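Engineer: Take this structure first; my questions come after.
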Amino acid sequence: MTDTNREMLRTTFGQDAELYDQCRPSYPPPLFTDLATLAGLGPHARVLEIGCGTGQATLPLAQLGCTVVAMDLSPDMVAIARRNLAQFPNVTVVVSAFEDWQPSDGTFDAVLSATAFHWLDPEVRMIKAADMLRPGGSLGIVSTHHIAGGTNAFFADAQRCYERFDPTTPPGMRLTTDDETPEEAAEFDRSARFGPAEFRRYEWQQTYTAPEYLNLLMTYSGNRAMAPQARAGLFACITHLIDDIYGGAITKQYRTRLAIAHKTP
Ligand SMILES: C[S@@+](CC[C@H](N)C(=O)[O-])C[C@H]1O[C@@H](n2cnc3c(N)ncnc32)[C@H](O)[C@@H]1O
């Protein structure tokens, strides 16, 4: 992805922040149990969350009792995150691009980014995250992957809808359960600021009717950026598949991955 594309696409989430809040799932609870253990998080920990969206990962961090500074570049996402976290005095939500943010008070015990780290400037993100941490502090990167499983045949058929309506779609793409070497490991290593990364994986499913699935698709930057006519064709094609071929509902298989490493002294 070019810098210009990344900077344009990363602003699409806030275009309909309420839809994002309604449709994007949170994360499996064991992820936060593992994070608390691996990063030593508890009521006295200070955590910085980058790209908090409407608070999908912020809420479980708040429930751990951590003092959280959560940041997002979209004022609309932040407004909803503040609403969702209003009962937690231990959480502050700020509007800023991470790259531009100047913290005023000290370092953090952990930095977390959930489905957002890949939107940050690759020249800045690792080094600045390390600068925000105390020695020994943890950087956790949560990523979300759509893998084979659930209503597999539907996703193969839907790929043909993408090939037809979105010419940038590579032909013949299929879901797999492969667990390729996570790219975060190499990025942690290259930065020379962190010890070895550890990984945890969580697999889970969610079932969607056609309207629910189209709403979910409208929270993805690629679909939001499509020309409206092409997107209408794509969505009609997908609705036809779900309603007329797959009995009105389909199941998506998710893999959530946590990558975590400690800042070297
Ligand atoms: C895919 S959403 C993830 C939101 C939430 N963390 C979640 O798990 O659903 C990516 C979020 O990162 C934010 N974002 C993208 N680039 C950013 C940056 N450079 N600094 C701060 N936030 C950023 C977007 O506004 C968006 O809310």
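Engineer: Answer with yes or no whether ALA39 is more than 12 Å from the ligand (Cβ to nearest atom) and surrounded by 14 or more Cβ atoms within 10 Å (Cβ to Cβ).
Structural biologist: Numbers: more than 12 Å from the ligand (Cβ to nearest atom): yes; surrounded by 14 or more Cβ atoms within 10 Å (Cβ to Cβ): yes.
Answer is yes for this residue.
Engineer: Sort out which residues of region 1-22 are open to solvent by 30 Å² or more (accessible area, probe 1.4 Å) and either part of a loop (DSSP other than H, G, I, E, B) or more than 28 Å from ASP100 (Cβ to Cβ) (or both), and write them in order of number.
Structural biologist: If the condition is that a residue be open to solvent by 30 Å² or more (accessible area, probe 1.4 Å) and either part of a loop (DSSP other than H, G, I, E, B) or more than 28 Å from ASP100 (Cβ to Cβ) (or both), then MET1, THR2, ARG10, THR11, GLN22 are the ones that fit.
Engineer: Same structure, new question: Do you know which of the residues in region 93-109 that are open to solvent by 30 Å² or more (accessible area, probe 1.4 Å) and β-branched (Val, Ile, Thr) is farthest from the ligand (Cβ to nearest atom)?
Structural biologist: Filtering region 93-109 for residues that are open to solvent by 30 Å² or more (accessible area, probe 1.4 Å) and β-branched (Val, Ile, Thr), the one farthest from the ligand (Cβ to nearest atom) comes out as THR107.
For every residue, the table says whether it meets (1) of a type in the set (A, V, I, L, M); (2) under 19 Å from ARG24 (Cβ atoms).
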{"site": "GLY53", "(1), (2)": "no, yes"}
{"site": "LEU64", "(1), (2)": "yes, no"}
{"site": "PRO75", "(1), (2)": "no, yes"}
{"site": "VAL91", "(1), (2)": "yes, yes"}
{"site": "GLU99", "(1), (2)": "no, no"}
{"site": "ALA114", "(1), (2)": "yes, yes"}
{"site": "TRP119", "(1), (2)": "no, yes"}
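Engineer: Restricting attention to region 116-143, and to residues there that are open to solvent by 60 Å² or more (accessible area, probe 1.4 Å) and not in a helix (DSSP H, G or I), which single residue is farthest from the ligand (Cβ to nearest atom)? Don't jump to the end; show me each part of the working.
Structural biologist: The initial filter retains those residues of region 116-143 that are open to solvent by 60 Å² or more (accessible area, probe 1.4 Å), namely 118, 122-123, 127, 131, 134-135.
Those still in the list that are not in a helix (DSSP H, G or I) too: 122-123, 134-135.
Numbers: PRO122: 11, GLU123: 12, ARG134: 22, PRO135: 24 Å.
Looking at the filtered set, the residue picked out is PRO135.
Engineer: Then there is this: With the checklist (1) open to solvent by 40 Å² or more (accessible area, probe 1.4 Å); (2) touching a residue at least 40 places away in the same chain (Cβ under 8 Å) in hand, flag the one item LEU112 doesn't pass.
Structural biologist: Here LEU112 clears every test but (1).
Engineer: Still on this structure, I have one more. Take the conditions within 11 Å of the ligand (Cβ to nearest atom), touching a Ser or Thr at 6+ places or on another chain (Cβ under 9 Å) and not in a helix (DSSP H, G or I) and apply them to PRO25. Does it pass? Reasoning before the result, please.
Structural biologist: On the way: within 11 Å of the ligand (Cβ to nearest atom): yes; touching a Ser or Thr at 6+ places or on another chain (Cβ under 9 Å): yes; not in a helix (DSSP H, G or I): yes.
The answer is yes for PRO25.
Engineer: Separate question: Here is a check on your reading of the model: is GLY149 part of a strand (DSSP E or B), more than 16 Å from the ligand (Cβ to nearest atom) and modelled with pLDDT of 90 or more? Please lay out each step first, then the result.
Structural biologist: Details: part of a strand (DSSP E or B): no; more than 16 Å from the ligand (Cβ to nearest atom): yes; modelled with pLDDT of 90 or more: yes.
Taking the combined requirement at face value, the residue does not satisfy it.
Engineer: Scanning region 42-54 for residues that are open to solvent by 10 Å² or more (accessible area, probe 1.4 Å) and among the small types (Gly, Ala, Ser), which turns out farthest from the ligand (Cβ to nearest atom)? Can you show your working first?
Structural biologist: Step one: of region 42-54, the residues open to solvent by 10 Å² or more (accessible area, probe 1.4 Å) are 42-44, 46, 51.
Imposing the further condition that a residue be among the small types (Gly, Ala, Ser) reduces the set to 42, 51.
Values: GLY42: 22, GLY51: 3 Å.
Top of the filtered list is GLY42.
Engineer: Let me ask something else. Looking at region 179-205 only, could you name the residues that are open to solvent by 60 Å² or more (accessible area, probe 1.4 Å) and touching a strand residue (DSSP E or B) at 6+ places or on another chain (Cβ under 8 Å)?
Structural biologist: The initial filter retains those residues of region 179-205 that are open to solvent by 60 Å² or more (accessible area, probe 1.4 Å), namely 179-181, 183, 189-190, 192-193, 196, 198, 200-201, 203, 205.
Result: ASP179, ARG193, PRO196, GLU198, ARG200, ARG201, GLU203, GLN205.
Engineer: Within region 56-73, work out how many residues are within 11 Å of the ligand (Cβ to nearest atom), open to solvent by 10 Å² or more (accessible area, probe 1.4 Å) and either within 19 Å of VAL124 (Cβ to Cβ) or in a loop (DSSP other than H, G, I, E, B) (or both).
Structural biologist: Summing the residues that are within 11 Å of the ligand (Cβ to nearest atom), open to solvent by 10 Å² or more (accessible area, probe 1.4 Å) and either within 19 Å of VAL124 (Cβ to Cβ) or in a loop (DSSP other than H, G, I, E, B) (or both) in region 56-73 gives 3.
Engineer: Is at least one residue of region 45-67 within 28 Å of GLY195 (Cβ to Cβ) and among the basic types (Lys, Arg)?
Structural biologist: Scanning region 45-67, I find at least one residue that is within 28 Å of GLY195 (Cβ to Cβ) and among the basic types (Lys, Arg), so the answer is yes.
The values are calculated or read from the model by the stated rules, or taken from the named source; none is laboratory data. None of these values were measured; they are calculated from a predicted model. Cβ coordinates were reconstructed from backbone atoms using ideal geometry, including for glycine residues, and neighbour counts include every protein chain displayed. Side chains are part of the model used for accessible areas, which takes the heavy atoms of the whole protein and leaves out ligands, DNA and RNA. Shrake-Rupley method; radii C 1.70, N 1.55, O 1.52, S 1.80 Å.
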